[in-house]
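Here the structure comes first, spelled out in structure tokens, and everything after it is commentary.
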Ligand code: G4P
């Protein structure tokens, strides 16, 4: 197969949702269709249990398991589908944001009863900012839920999306009869008693056909006709280009648990979802069809077994063919590297591969050289953009609790930060180190890993910070900037890249600072240029 054919058959995407909306169940059902797993339940163990917030050992153990399920690949109708798993736990939200830099599209799962929930809002906002094409799957139609039109309104308003229903429910909960598949003009009847049946669908080009009354009953048929009329009147028609541009989001209804509406979703997905997309590097736009290999690291996974300290760096191939044992340039440190055992991922296992193509993810064994965001090329000096850090939510000083192990502590902190576990800031004034995280859980993870992997001990001290703001000065030589640095001296720090950060103690301080120093911009993400 040519490179172009390999590219055209690939679809790399992520599923995002608020915990419990059904992401794991849907993933599993997609894998079942792809024949990649034989029974439901196989992906379940990847899920971080609810309420396990302080049980970090359990979470780390499960993170260990999730290496295998970080990328779930399968073949469906000759398309190679790569699902990039995003952790559901909110303390790992930063991980999810980074994974979203490696997907070409996204499926958003929403619970029909709960509607749009906070985590969905946050994640969709990130996708919207980057114009990532999104499909929406409204799940759990077998349960009583919100009215379909109300839900579509909610999705439009809360998520800021422009939707077009591709299917429409016939009844709901107890009265749920099935869906009308607008995309294929078919009725799919729901039978709740057999969870593995997939109804083939009865074709109904024209819902005014009286036969519809016989199939779903007079009342339901009448309601469906009225509702569909409204759908066609109110919502824009599906337009593939608008979906690809991120300006129109198709919506599907179904029940993942009952295997209902999933095949329709998958069939439409492989037809409309984008193939591996071009990606911006600081230097230029890189097209997936270019012959020369380029790729970037979006995730690093540490081995939880202390006897095997190597890490696995997840690289998304952007262009060309990645070959085993070929020399590649690790652009940041300028070194040529070869990989004798790159891993490819399948449903539940990983294995060594000779070649990978754009859209694929390869797992590279690493002894501590890689950092999130690193670029690999065949020699060109390229740096892929778009893996920003967001302001953490929690901040603590980190102290060395064992003076004999200072070196180990700093090495450990350095490597854990490269993995993206948390962010490290060094205060300008006294060189003290501050760790910023998204969730409180990470502090326990860091302490545990420092001790078990690096033999170092640390303690924490609370620090009251509202937000870390990355500082951009219009003119670094201006009096205003000098004055800003003098007044805010105690709150200034450097991040790991050496960028200047202002650790603001309240929203009010940020506001005041902005009005006092108008030529200085404060950003909540590290990548603002
Ligand atoms: P998540 O990954 O988004 O967190 O959600 P997950 O798939 O684990 O689903 C959360 C719960 O919702 C699970 O129930 C799951 O069985 C249920 N669920 C998923 N899809 C549907 C659906 O279409 N209809 C109904 N009625 N339920 C659905 P649980 O009781 O938390 O877990 P389990 O004991 O079933 O594993």
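The values are calculated or read from the model by the stated rules, or taken from the named source; none is laboratory data. Here the structure is a predicted model, which is why all the values come from computation and not from measurement. Quick reminder, even Gly has a Cβ in these numbers, built from the backbone with ideal geometry, and neighbours come from all protein chains shown.
The table for this structure:
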read-out: Sole exception among (1) modelled with pLDDT of 85 or more; (2) at positive phi for residue 24, by number; value: (2)
read-out: When residues of the stretch 11-35 are limited to those that are away from the ligand (no atom under 16 Å from the Cβ) and either under 18 Å from the mean Cα position of the chain (by Cα) or part of a helix (DSSP H, G or I) (or both), the one farthest from residue 119 (Cα to Cα); value: 11
read-out: Residue check, residue 250 modelled with pLDDT of 90 or more, in contact with a helix residue (DSSP H, G or I) (Cβ under 9 Å, 6 or more places away or on another chain), more than 14 Å from the ligand (Cβ to nearest atom) and part of a loop (DSSP other than H, G, I, E, B); value: no
read-out: Test: residue in the stretch 421-435 that is in contact with a helix residue (DSSP H, G or I) (Cβ under 9 Å, 6 or more places away or on another chain), over 16 Å from residue 399 (Cβ atoms) and free of Cβ contacts under 8 Å to residues at least 40 places away in the same chain; value: yes
read-out: Every pair of residues 6+ apart whose Cβ atoms lie under 6 Å, when the first sits in the stretch 142-157 and is in contact (Cβ under 8 Å) with a residue 60 or more places away in the chain while the second is away from the ligand (no atom under 16 Å from the Cβ); value: 152/163; 155/161; 155/163
read-out: Strands (runs of 3 or more DSSP E) wholly inside the stretch 73-185 containing at least 3 residues that are in contact with a strand residue (DSSP E or B) (Cβ under 6 Å, 6 or more places away or on another chain), within 16 Å of the ligand (Cβ to nearest atom) and closer than 30 Å to residue 438 by Cβ; value: 105-111, 134-139
read-out: Positions within the stretch 254-283 being farther than 30 Å from residue 381 by Cα, more than 16 Å from the ligand (Cβ to nearest atom) and crowded, with 19+ Cβ neighbours inside 10 Å, in sequence order; value: 268, 269, 273
read-out: Scan of the stretch 433-459 for residues that are surrounded by fewer than 18 Cβ atoms within 10 Å (Cβ to Cβ) and at pLDDT 95 or above, ordered by number; value: 457, 459
read-out: Criterion violated by residue 459 - all others in (1) in a strand (DSSP E or B); (2) more than 30 Å from the chain's Cα centre (by Cα); (3) more than 26 Å from residue 412 (Cβ to Cβ) satisfied; value: (3)
read-out: Test for residue 213: is it farther than 21 Å from residue 9 by Cβ, modelled with pLDDT under 95 and away from the ligand (no atom under 16 Å from the Cβ); value: yes
read-out: Some residue of the stretch 332-347 being under 18 Å from residue 75 (Cβ atoms), surrounded by fewer than 16 Cβ atoms within 10 Å (Cβ to Cβ) and free of Cβ contacts under 8 Å to residues at least 24 places away in the same chain; value: no
read-out: Pairs with Cβ under 6 Å, 6+ apart, first in the stretch 106-127 and within 28 Å of residue 275 (Cβ to Cβ) and touching a residue at least 24 places away in the same chain (Cβ under 8 Å), second within 10 Å of the ligand (Cβ to nearest atom) and assigned to a helix (DSSP H, G or I); value: 109/23; 109/26
read-out: First in the stretch 15-28 and within 13 Å of residue 135 (Cα to Cα), second anywhere and near the ligand (Cβ under 7 Å from one of its atoms), Cβ under 6 Å, 6 or more apart; value: 15/23; 17/23; 17/109
read-out: Listing of strands (runs of 3 or more DSSP E) fully contained in the stretch 286-396 that carry 1 or more residues being modelled with pLDDT under 95, more than 21 Å from the chain's Cα centre (by Cα) and under 27 Å from residue 448 (Cβ atoms); value: 361-366
read-out: Residue list for the stretch 372-386, restricted to those being surrounded by 22 or more Cβ atoms within 10 Å (Cβ to Cβ) and out of contact with any strand residue (DSSP E or B) (no Cβ under 6 Å at 6 or more places or on another chain); value: 373
read-out: Some residue of the stretch 42-57 being at pLDDT 90 or above, surrounded by 22 or more Cβ atoms within 10 Å (Cβ to Cβ) and within 13 Å of the ligand (Cβ to nearest atom); value: no
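Results for (1) under 25 Å from residue 144 (Cα atoms); (2) touching a helix residue (DSSP H, G or I) at 6+ places or on another chain (Cβ under 7 Å); (3) crowded, with 18+ Cβ neighbours inside 10 Å, shown as yes or no for each residue.
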position	(1), (2), (3)
167	yes, yes, yes
182	yes, no, yes
191	yes, no, no
214	yes, no, no
